[in-house]
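Right, one structure below, let's go through it.
The values are calculated or read from the model by the stated rules, or taken from the named source; none is laboratory data. Keep in mind that what you see is a predicted model, and the values were worked out from it rather than measured. Note: ideal-geometry Cβ built from the backbone for every residue, glycine included; neighbour counts use all protein chains shown.
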Amino acid sequence: MLPVTRWFIKAGMIWLALGLMLLLADTIPGSPFHISLLPVYWHMIAVGWITQLIMGVSIWMFPRKRRDRKKAETPLQWAIFWSLNAGLVLRFFSEPLLDPGAVEAGVAGGMEMVTNLEQGIGLVSWLVLTSIGLQLTAVLLYLAEIWPRVQPRRKRKGSN
């Protein structure tokens, strides 16, 4: 297994643990959190754990286009890893600082954030948008990495 794959899997497990701990902390009666952290921990679990695990395993399992190439890491794979995780960290720290109504409103809150940004709301909105950009970049780089590997199975000689 490639080191980059191990990093994807281990980072995914860390995001799962952090997301579950945050969920538990948010549900404790008398919790010190004054805003809903629902979007934060669901993002940690869905993107941080599930998406990252899928990316890591598929980079490891999907064959390269040319069979003669030894399985090796590429700078693109590391760019995917670091872009995704930088976006997750940035989102983890910036999203709770948004207007609490925007965080609790979910998608509608995201639209409100963009509207507020146009009105000059400031740094926190830029940080959240940067985190979204980093994660989107990771997904697009992942597609560029994995797309050539998705190909039909070759027929063996002598099989019908």
I need every pair where a residue in the range 19-39 that is on the phi < 0 side of the Ramachandran plot and surrounded by 11 or more Cβ atoms within 10 Å (Cβ to Cβ) has its Cβ under 8 Å from the Cβ of a residue that is at pLDDT 80 or above and among the hydroxyl-bearing types (Ser, Thr, Tyr), sequence separation at least 6 or different chains. GLY19/TYR41; LEU20/TYR41; LEU22/TYR41; LEU23/TYR41; ASP26/TYR41
The range 1-21, subset in contact with a Gly (Cβ under 7 Å, 6 or more places away or on another chain) and among the β-branched types (Val, Ile, Thr), residue nearest to ILE59 (Cα to Cα): THR5
